[in-house]
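Read through the structure below, which is laid out as structure tokens, and then see the notes.
The values are calculated or read from the model by the stated rules, or taken from the named source; none is laboratory data. This structure is a prediction, so every number in the text was calculated from the model and none was measured. Cβ sites come from the backbone with ideal geometry, for glycine too, and all protein chains shown count toward neighbours. Accessible surface areas use protein heavy atoms only, side chains included; no ligands, DNA or RNA. Shrake-Rupley method; radii C 1.70, N 1.55, O 1.52, S 1.80 Å.
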Amino acid sequence: MKIGLVRHFKVDIKPKKYMNSEEYNEYAKLYNLSPVIPNEFLAGNHSFKICYCSDLSRAVTTANTIYKGKIIVTEKLREIPVAARFKMKKKVHLRWWDITSRIAWAFNHPSQPEGKKDTIKRINKFLNEIEKLHEDNVLIVCHAALMYSMKKELIKRGYKGDKFLRAKNGTLYVFDKK
């Protein structure tokens, strides 16, 4: 079975570099509603029989641009949601918020809408479904953090594929299981 992972196109948003917790939470919501900037997509010699994509608009737009077959839109592929780990009025750098929210997610902290354990369950439930339904060549369009976690689960299942720490927007990463 071959699974292709694609991160949505770059989001067209210019965030403030410094924000307080309330502004960060608003930014996270706005990011989910913002349009994307399409880029050239190279599928190489890969072809896919079906495409699954997140129901967030940036993923749907990307999937409709790069794939011309059947697309199944699902909330199961939504990005791992983030929220400010700390409530504070002091403005700190956006990267600080991103890092502290992902650390909180990794430790299943209640400040996060979804913890790592629930994310891994969601990913494995989805992978079980597609492995049961499809024998080969599935394209998945989703999001950076979810892709990274999904890559780790695919490797645990015996897939081999492209290496990445943070997936590039609109780039294909292919995983095969013989």
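Observations on the structure shown:
- Neighbourhood net charge (13 Å Cβ-Cβ; Lys/Arg +1, Asp/Glu -1) for residue 89: +1
- Summed side-chain charge close to residue 143 - residues other than residue 143 whose Cβ falls under 9 Å, Lys, Arg +1, Asp, Glu -1: +2
- Percent of Cα pairs in region 1-97 per distance bin of 5 Å, from zero to the largest separation: 2, 12, 20, 19, 15, 12, 9, 7, 4, 1, 0.
- Note, ³J(HN,Hα) from phi for region 50-67, Karplus 6.51, -1.76, 1.60, rounded to Hz, x at Gly and Pro: 7, 10, 10, 9, 4, 7, 6, 4, 5, 6, 4, 4, 4, 4, 5, 7, 9, 10
- Rounded Å value of the spacing that divides the Cα centres of region 102-162 and region 15-79: 16 Å
- Take the Cα of residue 152, step 7 Å toward its Cβ, do the same at residue 30, and the gap between the two points is 3.1 nm.
- Tail weight of P(r) past 15 Å, computed on alpha-carbon pairs of region 66-126, percent: 58 percent
- Taking the accessible area of region 44-172, probe 1.4 Å, and keeping the other protein chains in place, the carbon and sulfur fraction comes to 55%.
- Residues with amide H under 5 Å from that of residue 74, placed H, sequence gap 5 or more: 53, 54, 55
- Relative contact order [Cα under 8 Å, 6+ residues apart], the chain, whole percent: 37 percent
- Counting charges near residue 64 (Lys, Arg +1; Asp, Glu -1) among other residues having Cβ under 14 Å from its Cβ returns a value of +2.
- Helix 116-133 and the longest principal axis of the C-alpha atoms of the chain enclose an angle of approximately 20°.
- For the chain, the normalised intensity computed at q = 0.10 Å⁻¹ comes to -0.40 (log10 of I(q)/I(0), Debye sum over alpha carbons, equal scatterers, no solvent).
- Stretch gain in nm, segment residue 41-residue 95, where the contour uses 0.36 nm per residue and the Cα spacing is subtracted: 16.7 nm
- Extension gain, residue 70-residue 87: 0.36 nm per intervening residue step, less the Cα-Cα distance, totals 1.8 nm.
- Förster radius 30 Å - calculated FRET efficiency between residue 133 and residue 163, Cβ distance, rounded to 0.05: 0.65
- Straightening the chain between residue 16 and residue 102 buys 29.0 nm, computed as 0.36 nm per residue apart minus the Cα-Cα spacing.
- Once the C-beta distance of residue 121 and residue 178 is scaled by a Förster radius of 25 Å, the resulting FRET efficiency is 0.40 to the nearest 0.05.
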